[in-house]
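Worksheet for the structure shown next.
The values are calculated or read from the model by the stated rules, or taken from the named source; none is laboratory data. From a predicted model like this one, the values you see are computed outputs, not experimental measurements. As a convention, Cβ positions derive from the backbone with ideal geometry for all residues, glycine included, and neighbour counts pool all protein chains shown.
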Amino acid sequence: MGYDVQHWIDGHEDAGSTGDTQPILNPATGGEVGTLHLGDASTVDRAVEVAAAAAEEWGRTSLARRTQILYRMRELMIQHTDEIAEVISREHGKTVGDAKGEIARGLETLEFATSITQDLKGGFSQNVSTGVDSHTLRQPLGVVAGITPFNFPAMVPFWMHPIAIATGNAFLLKPSERDPSASNIVARLYQEAGLPDGVFQVIHGGKTVVDALCAHEGIAAVSFVGSTPIAKHVHAAASAAGKRVQALGGANNHAVVMPDANLEFAAAQVASGAFGSAGERCMAVPVAVTVGDAHEGFLAAIKAEAEKLVVGPGDDPTTDMPPVITADARDRVIRMTDEAEQAGGTIVVDGRGLVVEGFEKGNFVGPTVITDLAADHPTYTDEVFGPVLVVMHVNNFDEAIALVNSSPFGNGTAIFTDSGHYARRFEDEIQVGMIGINVPIPTPVGYYSFGGWKDSLFGEHHAHGPEGVGFYTRQKAVTTRWPAQNETVESSMSFPTH
Ligand code: NAD
């Protein structure tokens with residue numbers, strides 16, 4: 001029932017040959033809205049063959065033509081934002097406004113990629129030795145793949161494909177099976193923008209397709225974004241198959257609230273980080289660390305923020321906080337709240353038992369605030385990935401730094417303070433890849449690179465921006481000498497020094 005989502009191979013929809021399908025569900029209603037066709041290793045084989053042929057030609061296509069297509073793609077994405085946002089809201093659950101926000105943030109990387117003419121300029125040095133010049137050039141890898149999570153079905157793939165394509169590669173996307181439709185719209189728009197068939201393809205499926213991508217010898221590099229266990233698996237499998245890999249994993253981001261901070265401002269900002277998109281963002285703020293006297297005031301302010309949120313379906317303009325992705329995800333949030341309570345935690349705001357009238361079968365859970373938890377309790381240490389904020393309390397700044405640094409994750413963090421001294425020490429001493437100073441979700445803009453430390457990223461390269469260009473290209477260094485036709489030289493067995 002509903003619509004049918006197929007692979008996008010060689011410029012058209014393709015149901016593949018496995019016959020396997022799975023339902024696409026609307027998280028707000030629990031109802032089935034469509035059917036997804038699932039691929040396997042043979043689907044990957046076919047798409048890689050098409051991609052390899054396309055990459056040959058595309059890698060030689062002029063930068064002028066590549067950038068013209070990307071400019072056209074940007075215009076088409078803007079024209080079709082409503083259509084894409086609506087489908088994201090239906091399949092993911094997030095509010096339409098939030099879906100438009102992720103499309104806009106994804107477009108930042110496309111905009112960055114339109115100036116690839118600048119980023120592919122190599123270096124040149126004249127006379128590095130007498131009569132000898134050196135220059136560098138960057139070339140595409142060939143066929144590259146991206147495997148992406150459910151929580152940003154537009155933005156996270158956009159961290160990858162515009163740069164991979166701008167640098168001359170053919171890109172295979174394996175989006176999340178939970179909200180697959182946005183990727184097919186993007187494929188259709190790339191075609192409309194003039195991108196040759198086979199340069200951007202979409203293969204749907206789960207573990208079978210992911211493992212086939214990691215093993216395929218025709219794929220030179222894999223970009224992954226998702227949970228830490230799968231990031232580790234993809235990093236190990238694709239590296240063992242000799243590929244370049246960047247695998248971004250999970251997170252448990254802390255916001256430190258200093259006693260000198262504007263507590264109302266901090267609470268409003270932390271609430272948007274903790275409860276926006278039902279906490280299903282890798283840059284969400286599931287932990288606040290109150291320092292010294294900040295605790296009571298912050299707790300009262302965050303309670304007020306959480307209690308005023310309207311929970312409802314993503315296509316209702318009055319909704320602040322949407323459902324979570326699956327019934328399992330809702331049950332996990334409730335179980336982790338129960339466990340925190342049983343361990344002596346105080347439930348300051350309780351999201352369990354929330355029912356949204358008219359949407360009784362939806363995956364709704366209300367905003368939840370917990371405090372008085374021990375630092376080794378799993379509801380604090382693990383990634384809940386739902387609308388739960390755990391408030392930890394420490395005595396001073398040094399204890400706050402130690403607590404944040406004790407987390408195995410290192411994706412994002414923030415400090416709320418009026419003190420330049422503590423803000424500067426924070427950015428210096430914290431072991432985290434992306435830092436906000438009075439900014440709760442410090443997601444770098446598209447022309448910087450995005451990436452965490454520790455269990456939040458496996459591999460050398462961060463995503464998009466300059467590191468994306470480095471990831472999708474290989475450098476050559478060329479040393480040139482043009483002797484005169486009658487020039488003679490004596491052979492020397494010494495290593496040349498000048
Ligand atoms: P996930 O790890 O379950 O899935 C990610 C991708 O891996 C999907 O395409 C999925 O089909 C595939 N996959 C799932 N199980 C697999 C398996 N056993 N073997 C091989 N492939 C498998 O993640 P998710 O639930 O879709 O997304 C949420 C997670 O992603 C959270 O942990 C979140 O923190 C993380 N995330 C991280 C970032 C970041 O930038 N670090 C960004 C967004 C999301």
Look through the range 111-122, keep the residues that are assigned to a helix (DSSP H, G or I) and touching a residue at least 60 places away in the same chain (Cβ under 8 Å), and return whichever of them is surrounded by the fewest Cβ atoms within 10 Å (Cβ to Cβ).
-> Glu111
Identify the residue in the range 201-240 that is of a type in the set (D, E, K, R) and in a helix (DSSP H, G or I) and, among all such residues, is nearest to Leu141 (Cα to Cα).
-> Asp211
Number of the exception - Ala255 against (1) more than 11 Å from the ligand (Cβ to nearest atom); (2) buried (at least 24 other Cβ atoms within 10 Å of the Cβ); (3) over 30 Å from Ile401 (Cα atoms) | (3)
Flag for Ala463 being of a type in the set (A, V, I, L, M), touching a residue at least 40 places away in the same chain (Cβ under 8 Å) and surrounded by 15 or more Cβ atoms within 10 Å (Cβ to Cβ) = yes
What are the residues in the range 436-460 that are small (Gly, Ala, Ser), within 13 Å of the ligand (Cβ to nearest atom) and in contact (Cβ under 8 Å) with a residue 60 or more places away in the chain, if any?
-> Gly451, Gly452, Ser456, Gly459
So which residues in the range 223-237 are in contact (Cβ under 8 Å) with a residue 12 or more places away in the chain and away from the ligand (no atom under 11 Å from the Cβ), if there are any at all?
-> His235
For the range 69-82, indicate whether the set of residues that are surrounded by fewer than 16 Cβ atoms within 10 Å (Cβ to Cβ), more than 24 Å from the chain's Cα centre (by Cα) and in the same structural domain as Glu111 (by the TED database) is non-empty.
-> no
Given Arg66, Arg90, Arg72, Arg60, which one is outside any helix (DSSP H, G or I) and either among the basic types (Lys, Arg) or modelled with pLDDT under 95 (or both)?
-> Arg60
Which numbered condition Gln191 fails, given (1) surrounded by fewer than 23 Cβ atoms within 10 Å (Cβ to Cβ); (2) near the ligand (Cβ under 10 Å from one of its atoms) = (2)
Return the total of residues in the range 361-372 being assigned to a loop (DSSP other than H, G, I, E, B) and buried (at least 23 other Cβ atoms within 10 Å of the Cβ).
-> 5
Going through the range 35-63 one residue at a time, which ones are farther than 25 Å from Thr114 by Cβ and β-branched (Val, Ile, Thr)?
-> Thr35, Thr43, Val44, Val48, Val50
Of all residues in the range 331-356, count the ones that are within 14 Å of the ligand (Cβ to nearest atom) and either without any contact (Cβ under 8 Å) to a residue 40 or more places away in the chain or charged (D, E, K, R) (or both).
-> 1
Restricting attention to the range 377-405, which residues are part of a strand (DSSP E or B) and within 25 Å of the chain's Cα centre (by Cα)?
-> Val388, Leu389, Val390
Taking only pairs six or more apart or across chains, which ones have beta-carbon atoms under 6 Å, a first residue in the range 266-290 that is in a helix (DSSP H, G or I), and a second residue that is surrounded by fewer than 24 Cβ atoms within 10 Å (Cβ to Cβ) and among the β-branched types (Val, Ile, Thr)?
-> Gly273/Ile441
Out of the residues in the range 167-188 that are in a loop (DSSP other than H, G, I, E, B) and not polar (S, T, N, Q), state the one that is farthest from the ligand (Cβ to nearest atom).
-> Gly168
Could you list, in sequence order, all residues of the range 258-291 that are of a type in the set (Val, Ile, Thr), within 14 Å of the ligand (Cβ to nearest atom) and more than 17 Å from the chain's Cα centre (by Cα)?
-> Val287
